[in-house]
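Beneath this line is the structure, given in structure tokens, with notes to follow.
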Amino acid sequence: MSAVVEPDHRVRLALVGAGVIGTIHGAVISELADRIELIAVVDVHLERAEKLAADHGGTAFTSLTDALQAVDIDVVSVCTPTGRHGEIAIEALEAGKHVIVEKPAEITVAKTDEIIAAQRRAGTQVAVISQHRFDPATEVAVAAIGNGELGRLTSGIASIDWWRGQTYYDSGDWRGTWELDGGGALMNQGVHTVDLLVATMGRPLEVFAYTGTLAHERIEVEDIAVGVVRFENGALGVLHATTAAYPGLSARLQVHGDRGSVVIDNDKLTFIHRTPRESSAEERAYGNPASAINQITEYPEASGAAAQTAGANPGQLAIDAHRRQYENFLGALAGQEPLRVDLETNRQSIAIITGVYESAKTGRPVAL
């Protein structure tokens, strides 16, 4: 298959995994029905595949192998448990297909590298879902950093303060396992916020961390992880991820520099102060919240003010973020724009997370 798909070609897509995440992808595909045709839905539980196919189109199958033999497919979207991403993605790549894979690409750097090798052999495109890079708040933050408006980056904080009850982990045999989840609060829930830390702070070099399982039973993985990260630009980062923060709070990213700061809370810009390159930062002996000048009124889309005025519901906002990444993928297939989140990009986040686990096990810093 050519790595480029004609812009006026309606992409034929097979969706593998008809669970919660697969359902979100199905909704996105329906919204992009003028550009994507859902041709196949694959799930080991045929009834789940049949239900999603009834809602969004396509023929139901119990294996990707069967789907590849039965219908003509351009793209395979992988929405299985994390520990099965690699085998599905590689099968699709070996068949010459383009691939979209849910976050994270795999549960280890080595398994991610196997997908990268398969992609290079195939010569096709692979995108890893990191939909929060496409949030307006993230785009504002990345643009401010790129323009030098935060000055030299000094520190970043990624904190995921969530709650998952015991019933959540008991709802599936794969949940909370190293084999299929690849980790707990950090790998499963925290990966998006870790990805945003990388998107804003740059290449990570080293991590040191502790983990624990303090509020849940019958799981192999952590429900709390804390760590520190050293970045190539000299900045330092703090990681905090938990599914043991009752009743569940927010996912929050803070990025600080010597000319400005950005705070994103639950995907919304809640604070930004930036100093344009051509201006001088006001000299202050001390700074405090009372004297901080918050410039978020300049960004109604990023702060959520525009969506609130329009009455948008949270579920649709989640679908919108996925749709923006799908649109980037379609643009990349057509040769109209670069792919914004590829395997190598996602590999850095996986390296941080697996580095946290290795550091917690050995009690030593881990070079990434």
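The values are calculated or read from the model by the stated rules, or taken from the named source; none is laboratory data. Note that the structure is predicted; figures quoted are calculated from it, not measured. Methodologically, a virtual Cβ is constructed for each residue, glycine included, from the backbone with ideal geometry; neighbour enumeration extends over all protein chains shown.
Evaluating Ala18 against the criteria (1) under 29 Å from Glu337 (Cβ atoms); (2) in contact with a Gly (Cβ under 9 Å, 6 or more places away or on another chain) leaves one unmet condition, (1). The single condition among (1) in a loop (DSSP other than H, G, I, E, B); (2) free of Cβ contacts under 8 Å to residues at least 12 places away in the same chain; (3) polar (S, T, N, Q) that Thr297 does not meet is (1). Could you list all residues from region 166-196 that are of a type in the set (A, V, I, L, M, F, W, C) and under 26 Å from Asp135 (Cα atoms)? Listed by number, the residues that qualify are Ala185, Leu186, Met187, Val191, Val194, Leu196. Given the structure, is Arg218 not hydroxyl-bearing (Ser, Thr, Tyr) and not in a loop (DSSP other than H, G, I, E, B)? Against the criterion (not hydroxyl-bearing (Ser, Thr, Tyr) and not in a loop (DSSP other than H, G, I, E, B)), Arg218 does not qualify. I'm told Gly331 meets every condition in (1) free of Cβ contacts under 8 Å to residues at least 24 places away in the same chain; (2) assigned by TED's automatic domain parsing to the domain that holds Thr213 except one. Can you identify the failing condition by its number? Unmet for Gly331, out of (1) free of Cβ contacts under 8 Å to residues at least 24 places away in the same chain; (2) assigned by TED's automatic domain parsing to the domain that holds Thr213: (2). Where helices (runs of 4 or more DSSP H) fall wholly inside region 131-205, no range has 2 or more residues that are among the β-branched types (Val, Ile, Thr) and under 14 Å from Pro81 (Cβ atoms). Flag: Glu91 does not match the condition of being in the same structural domain as Leu15 (by TED's automatic domain parsing), more than 19 Å from Ile29 (Cβ to Cβ) and without any contact (Cβ under 8 Å) to a residue 12 or more places away in the chain. Taking region 1-118 and the helices (runs of 4 or more DSSP H) fully enclosed by it, the elements with 1 or more residues that are within 30 Å of Glu358 (Cβ to Cβ) are at 20-31, 85-94. Here the condition is being in contact with a helix residue (DSSP H, G or I) (Cβ under 8 Å, 6 or more places away or on another chain) and either surrounded by 17 or more Cβ atoms within 10 Å (Cβ to Cβ) or not assigned by TED's automatic domain parsing to the domain that holds Ile90 (or both); of Ala281, Ala285, Ala306, Ala290, it holds for Ala306 alone. Of all residues in region 70-87, those satisfying the criterion of being farther than 19 Å from Thr124 by Cβ and either surrounded by fewer than 24 Cβ atoms within 10 Å (Cβ to Cβ) or without any contact (Cβ under 8 Å) to a residue 24 or more places away in the chain (or both) are Ala70, Pro81, Gly83, Arg84. When Ala290 is tested against (1) assigned to a helix (DSSP H, G or I); (2) closer than 27 Å to Glu139 by Cβ; (3) of a type in the set (Gly, Ala, Ser), only condition (2) is not met.
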